[in-house]
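**Q** Quick one: this structure, given as structure tokens, is what I'll be asking you about.
The values are calculated or read from the model by the stated rules, or taken from the named source; none is laboratory data. This structure is a prediction, so every number in the text was calculated from the model and none was measured. For neighbour counting, all protein chains shown are included, and Cβ atoms are generated from backbone atoms with ideal geometry for every residue, glycine included. These area figures cover heavy atoms from the full protein model, side chains too; ligands, DNA and RNA do not enter into them. Shrake-Rupley method; radii C 1.70, N 1.55, O 1.52, S 1.80 Å.
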Amino acid sequence: MKNGSVAIGIIGSGIMGERLLNAILQQDPGLVHACGIWDPAPAAMQRMAKTFPQVPRLTDAAAVIAASDCTYIASPPASHLEHARAVLAAGKSVFSEKPLAVDVADARLFVAEAGDRGAVNFPFASSPAVSTIRRWIESGEIGAPRRIAIEVGFARWPRAWQTEAAGWLDRPMQGGFTREVVSHFLFLSRRLVGPLHGLSGKASFPEAGKSERRIAATLQAGDLPVTLAGAVGETAKDDHNIWMLEGDKGAVRLCDWSIAERRRTDGTWRPATDALPQAQARPLALRRQLEGVAKLTRGEPHHLATLTDALNVQEIVEAILAG
């Protein structure tokens, strides 16, 4: 860590890799800096050269790992564990996109091997809206928590901005909205309430070779019942999502990724006074995620999603898809 700044290298230059790279470049260089990026696709590397000429473009994943204090893995899911194991073998820290792997058993083995040397990019760990919801819960706004309801919907899948990754995002092995989107709300349930267990669920795959188009499930987060529903093609919205926690005195919810709301006594919902749309909230969350990455790399306590968190989420996700 030269001059105390954590060197972050990036494997994968798709939407997520580019998003975190932008955040690194906007962060205090005394905290973190980008030491290099690599993607196996020549067109992607050409795009990086044009968009981020100041960031070294390295020759392969091994070069990124060698240059890094912490490597961010933003490649498709099937390659996550290969890269993550290489990072840990080099004695470095790893910050990965979810899921940990495409095989749950392999993910369990990795978590057992890795200990506390890695974290997973679930941005709700750093969300301003989630901090607001946590504050409302802890101040007794809803009374005793009773249940969680999660609802997601999409006009189409993949979403319009994901079409370049449709080759894997709309395939049953790596893709689908349950892995890509529902996983975030399962993590949120675990983070705010407790470990996930007791699943009963099913998924519908009406198109051969395509990812799921509908899911329905019940499970537990800690001691609370959770209901989950998701579908493609039943809403005009590109991306519809609501996470709600109801108690015996009231309810709170997270809407459209970043809007924290409280239910009033007349049954209507009121957003937090400082609520921000996702386009404005995301940079704030990414900045705090990077602060967590710096702490992870230095071996300090951090607030990021742990590998154990991610494994619990993945176990539930894959069980739903197998139902």
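**Q** What accessible surface, in Å², does a 1.4 Å probe find on residue 35, ignoring ligands, DNA and RNA and rounding to the nearest 10?
**A** Around 20 Å² of this residue is reachable by solvent.
**Q** Right, here's the next one. As a test, work out the antiparallel percent of DSSP beta bridges whose residues both lie in the chain, rounded to the nearest 5.
**A** In the chain, approximately 60 percent of DSSP beta bridges are antiparallel ones.
**Q** I would also like to ask the following. Mind checking the angle between helix 278-297 and the chain's longest principal axis? C-alpha axes, 0 to 90 degrees, to the nearest 10.
**A** Roughly 60 degrees between the two axes.
**Q** Moving on to the next point. Could you order 164, 82 so the one with the most accessible surface comes first? Probe is 1.4 Å.
**A** Reading off the accessible areas and sorting them downward yields 164, 82.
**Q** Sticking with this one: Give the angle, between 0 and 90 degrees and rounded to the nearest 10, that separates the Cα long axis of helix 307-322 from the longest principal axis of the Cα atoms of the chain.
**A** Helix 307-322 sits at roughly 60 degrees to that axis.
**Q** I would also like to ask the following. If you line up the long axis of helix 128-138 against the longest principal axis of the chain, both from Cα atoms, how many degrees apart are they, to the nearest 10?
**A** That works out to roughly 40 degrees.
**Q** Give, as a single signed number, the net charge of other residues whose beta carbon lies under 15 Å from the beta carbon of residue 206, with Lys and Arg counted +1 and Asp and Glu -1.
**A** +2
**Q** Would you mind giving the three semi-axes, in whole Å and largest first, of the ellipsoid equivalent to the range 1-104 according to its Cα gyration tensor?
**A** Result for the range 1-104: semi-axes of 20, 17, 12 Å.
**Q** Can you tell me the FRET efficiency between residue 31 and residue 279 if r is taken as the Cβ-Cβ distance and R0 is 35 Å, rounded to the nearest 0.05?
**A** 0.90
**Q** Kindly list the residues of the range 74-100 that lie in the label zone of residue 168, defined by a backbone N under 14 Å from the point 7 Å along the Cα-to-C-beta vector.
**A** Counting only backbone N, you get 74-84, 96-100.
**Q** Obtain the nm distance between the two label points defined at residue 62 and residue 41 by a simple spin-label model: each point lies 7 Å from its Cα along the Cα-to-C-beta direction.
**A** Going by the 7 Å Cα→Cβ label model, 2.5 nm.
**Q** Please get the size of the charge dipole for the chain, origin at its Cα centre, with Cβ charges of +1 on Lys and Arg and -1 on Asp and Glu, quoted in debye to the nearest 20.
**A** With Lys and Arg at +1 and Asp and Glu at -1, about 440 debye.
**Q** Moving on. Hey, what's the chain come to in accessible area per residue, 1.4 Å probe, Å²?
**A** It amounts to 43 Å² per residue over the chain.
**Q** Let me ask you something else. Which percent, to the nearest 5, of DSSP beta bridges fully inside the range 134-233 are antiparallel?
**A** Here the antiparallel bridges make up roughly 70 percent for the range 134-233.
**Q** If I build a Gaussian network model for the chain, linking alpha-carbon pairs within less than 10 angstrom, which residue out of 84, 125, 166 has the largest mean-square fluctuation?
**A** 166
**Q** Moving on to the next point. Keeping all protein chains in position, work out how much accessible area residue 265 exposes to a 1.4 Å probe, and write it in Å² to the nearest 10.
**A** That residue has around 150 Å² of solvent-accessible surface.
**Q** Something else now. Can you check what the Kirkwood hydrodynamic radius comes to for the range 161-251, Cα pairs only, in Å to one decimal?
**A** After inverting the pairwise mean of 1/r, the radius is 14.5 Å.
**Q** Say each of residue 105 and residue 138 gets a label point 7 Å from the Cα, pointing the same way as Cα to Cβ; how far apart are those two points in nm?
**A** Distance between the two pseudo-spin positions: 4.2 nm.
**Q** What ratio of Cα Rg to 2.2 N^0.38 Å holds for the range 59-179?
**A** The range 59-179 yields a ratio of 1.31.
**Q** Quantify, in whole percent, the carbon and sulfur part of the accessible surface of the chain (1.4 Å probe; protein heavy atoms only).
**A** 53
**Q** Next question, about the same structure. Tell me the net charge near residue 154. Cut-off is 9 Å between Cβ atoms, residue 154 excluded, with +1 for each Lys or Arg and -1 for each Asp or Glu.
**A** Net of charged neighbours comes to 0.
**Q** Using only protein heavy atoms and a 1.4 Å probe, report how much of residue 38 is accessible, in Å² to the nearest 10.
**A** 50
**Q** Okay, moving on. Please report, to one decimal in angstroms, the Kirkwood hydrodynamic radius of the range 212-323 built from all distinct Cα-Cα pairs.
**A** After inverting the pairwise mean of 1/r, the radius is 17.1 Å.
**Q** What does the convex hull of the Cα atoms come to per residue for the range 36-86, in Å³?
**A** Dividing the Cα hull volume of the range 36-86 by its residue count gives 77 Å³.
**Q** Give the separation of the Cα centroids, the range 1-73 to the range 190-240, in Å.
**A** That distance is 33 Å.
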